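Working notes for the structure below.
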Amino acid sequence: MDSQQEIQPLAPKRRRALFAAVAALAGLAGAGLAWWRYSPKPAVAGLDADFWNLGFDTPAGARLALQSLRGRPVLINFWATWCPPCVEELPLLNAFYQENAAYGWQILGLAVDKPEPVRAFLARQPLAFPVALAGTQGLDLSKKLGNQVGGLPFSVLIGADGAILQTKIGKLNERDLAVWRQSK
């Protein structure tokens, strides 16, 4: 190219195509970063013994020991009354529990919330499965189970052998539960 020649600007159609290509690449990069950042991470090694030794108060004032859930598949759902997707998925979880409890399934709702709002919520919308009060300790526990961003709802499927089989950040749906039912 001659140093005296001027660089011609791109034609409007080519400029738009170039901008569209750059925008598409930026969107894909952002989506990839979000997927990587918000996808559940593997649970912390050595959690098993510590996990099963935990216990939480129930809204009724009793104590629920996680040890009592050991040996059968358990779906643990971290939720809060102030979390709309959490509240929206609870009827689905309740129906799943009622349909599958006879087959050995357990569900534990760990409320990452204060006791009074949980009690008021359960008075309006009773659940067939046990609920325990995890408070802020629940967020720490969910992070140890793979929820690095601390998002709610967060669900963990633990097999009868104590292995973590599935995790999901966000609201579960019927398809998720159908797949999870097969992986116990």
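The values are calculated or read from the model by the stated rules, or taken from the named source; none is laboratory data. These numbers were taken from a predicted model, which means no experiment stands behind them. Cβ sites come from the backbone with ideal geometry, for glycine too, and all protein chains shown count toward neighbours.
Scanning segment 52-78 for residues that are outside any strand (DSSP E or B), touching a residue at least 12 places away in the same chain (Cβ under 8 Å) and farther than 22 Å from residue 89 by Cβ turns up 52, 53, 54, 67, 70, 71. Reported count of residues in segment 136-169, each being under 13 Å from the mean Cα position of the chain (by Cα), of a type in the set (A, V, I, L, M) and not in a strand (DSSP E or B), is 5.
Please verify whether segment 45-56 includes one or more residues that are in contact with a Pro (Cβ under 9 Å, 6 or more places away or on another chain) and within 18 Å of residue 127 (Cβ to Cβ).
So far as segment 45-56 goes, no, none of its residues is in contact with a Pro (Cβ under 9 Å, 6 or more places away or on another chain) and within 18 Å of residue 127 (Cβ to Cβ).
The residues of segment 78-127 that are acidic (Asp, Glu) and over 23 Å from residue 147 (Cα atoms), listed by number, are 99, 116. Would you confirm, using the coordinates I've provided, whether residue 172 is of a type outside the set (Gly, Ala, Ser), at pLDDT 95 or above and under 15 Å from the mean Cα position of the chain (by Cα)? Judged against the criteria, residue 172 is a match. With respect to the conditions (1) modelled with pLDDT under 95; (2) on the phi < 0 side of the Ramachandran plot, residue 146 lacks only one, and its number is (2). Taking the criterion of being of a type in the set (Phe, Trp, Tyr) and in contact (Cβ under 8 Å) with a residue 40 or more places away in the chain, the residues of segment 114-167 that qualify are 121, 154.
Looking only at residues that are aliphatic (A, V, I, L, M) and either farther than 19 Å from residue 155 by Cβ or out of contact with any Gly (no Cβ under 7 Å at 6 or more places or on another chain) (or both) in segment 112-126, which one is surrounded by the fewest Cβ atoms within 10 Å (Cβ to Cβ)?
Residues of segment 112-126 that are aliphatic (A, V, I, L, M), as a first pass: 112, 118, 120, 122-123.
Filter once more, keeping what is either farther than 19 Å from residue 155 by Cβ or out of contact with any Gly (no Cβ under 7 Å at 6 or more places or on another chain) (or both): 118, 120, 122-123.
Working: 118: 23, 120: 12, 122: 18, 123: 9.
It comes out as 123.
As a summary of the residue check, residue 129 satisfies the conditions (1) touching a strand residue (DSSP E or B) at 6+ places or on another chain (Cβ under 7 Å); (2) farther than 25 Å from residue 179 by Cα; (3) surrounded by 16 or more Cβ atoms within 10 Å (Cβ to Cβ) except for the one numbered (2).
Of the residues contained in segment 118-135, none is found to be closer than 14 Å to residue 172 by Cα and part of a loop (DSSP other than H, G, I, E, B). Has segment 90-106 got at least one residue that is buried (at least 19 other Cβ atoms within 10 Å of the Cβ), within 16 Å of residue 168 (Cβ to Cβ) and either modelled with pLDDT under 95 or among the small types (Gly, Ala, Ser) (or both)? No.
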